[in-house]
Amino acid sequence: MSPLAVQVCQRSCIGARARNEDCIGVDQVPGHWCLVLSDGAGGHSDGALASRLVVDRILAGFRSRPPVDARDLAELLLDAHDAVVAAQRSRGAIDLVSAMHATVVALMIDTTTGLALWGHVGDSRLYLWRDGRVLAMTRDDSLLQWMLDAGVVDPARTQDVAHRGLLLAAMGSEEEIEPHVAGPLELREADAFLLCSDGWWDGLDEVLIGRLLARASTPEDWLDSMADATRERADAKQDNYSAIGCWIGERRDARAPHDETSAVPQADRGHADHQS
């Protein structure tokens, strides 16, 4: 089997905020790619520090030993969580509830076997498009997602929900976390991944993202068109918005998804032994 061709690009924009607390990391070692995105939060510059700690720790672990299964990836995410908690304590954080924390979404690709693993904590997302449809996406650790699951909010009125961005799990949280991990999944030519912070996905529905994918000739075109759409819809409270685009193969021949909702497998919950 010939190694998979992988095309990757990234964008990170400050939005209307005073500083950018999103952090992106992309690296590769022979036969393996690591893509990771983190969205930080906390007083002063703590959010930026938290997201940088998460990304740096995951990239360091990847370089040392690329994850080959769900257990490896879950342990890598937990190690990054521990790094944020340790930093809180070293900085004298008294109240861990209000201390710095971050989301994370990470994708690992083995170009030799053609397999991918991904995992997340919080509300930064991963989408996988195949044949013009969303094949898989992560499920947010958020109050809004919990309310949607419980049926107590109308999916058409999610923008009206108070505290909709409240996280139920985060890197550096006081509570023990349980990363959501999916894979390994066999990749195909023309698969397309999007990893993004909530500032990116919040104003873009899956139909629009898919249509922009179908029109794009490169991953850069895809991300630029989404960033343009976000800027057009942005208001005075626009959050930082960041994304990584990853295409499998030299080119893809994707079709825009239909407007009806397609079945979307979710990432499995738990540390390991889960298959997509």
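The values are calculated or read from the model by the stated rules, or taken from the named source; none is laboratory data. Because the structure is predicted, anything quoted here is derived from the model rather than measured. Quick reminder, even Gly has a Cβ in these numbers, built from the backbone with ideal geometry, and neighbours come from all protein chains shown.
Can you name every residue in the stretch 18-31 that is touching a residue at least 60 places away in the same chain (Cβ under 8 Å), among the acidic types (Asp, Glu) and part of a strand (DSSP E or B)?
Passing the criteria: only ASP22.
Please enumerate the residues belonging to the stretch 132-163 that are more than 26 Å from TRP222 (Cα to Cα) and under 18 Å from the mean Cα position of the chain (by Cα).
ASP141, SER142, LEU143, LEU144, GLN145 - these are the residues of the stretch 132-163 that are more than 26 Å from TRP222 (Cα to Cα) and under 18 Å from the mean Cα position of the chain (by Cα).
What number of residues within the stretch 169-212 are closer than 29 Å to ARG71 by Cα, within 18 Å of the chain's Cα centre (by Cα) and among the charged types (D, E, K, R)?
Going through the stretch 169-212 one residue at a time, the tally reaches 3.
Here is a check on your reading of the model: is ALA80 over 26 Å from THR230 (Cβ atoms) and surrounded by 15 or more Cβ atoms within 10 Å (Cβ to Cβ)?
yes
Inside the stretch 183-233, counting only helices (runs of 4 or more DSSP H) that do not spill past its ends, which hold 2 or more residues that are out of contact with any strand residue (DSSP E or B) (no Cβ under 6 Å at 6 or more places or on another chain), surrounded by 19 or more Cβ atoms within 10 Å (Cβ to Cβ) and modelled with pLDDT of 95 or more?
206-215
Here is a list: TRP129, TRP118. Which entry is over 30 Å from SER64 (Cβ atoms), among the aromatic types (Phe, Trp, Tyr), under 18 Å from the mean Cα position of the chain (by Cα) and at pLDDT 95 or above?
When all the criteria are applied, what remains is TRP129.
Restricting to the stretch 21-54, count the residues that are surrounded by fewer than 18 Cβ atoms within 10 Å (Cβ to Cβ) and farther than 26 Å from LEU117 by Cβ.
Total meeting the criteria: 3.
Let me confirm something: among ASP46, ASP56, ASP39, which residue is touching a residue at least 12 places away in the same chain (Cβ under 8 Å), more than 23 Å from GLY245 (Cβ to Cβ) and charged (D, E, K, R)? Quick ask: steps written out before the conclusion?
Numbers: ASP56 fails: more than 23 Å from GLY245 (Cβ to Cβ); ASP39 fails: more than 23 Å from GLY245 (Cβ to Cβ).
None of the other options fit; the residue is ASP46.
Of everything in the stretch 157-178, what is touching a Ser or Thr at 6+ places or on another chain (Cβ under 9 Å) and at pLDDT below 75? Give them in sequence order.
ARG164
If the Cβ limit is 9 Å and pairs must be 6+ apart or interchain, which residue in the stretch 1-17 that is surrounded by fewer than 16 Cβ atoms within 10 Å (Cβ to Cβ) pairs with which residue that is assigned to a strand (DSSP E or B)?
Matching pairs, first to second residue: ALA5/TRP247; ALA5/ILE248.
When the residues of the stretch 234-276 are filtered to those that are of a type in the set (S, T, N, Q) and within 19 Å of the chain's Cα centre (by Cα), which remaining residue is modelled with the lowest pLDDT?
It comes out as SER276.
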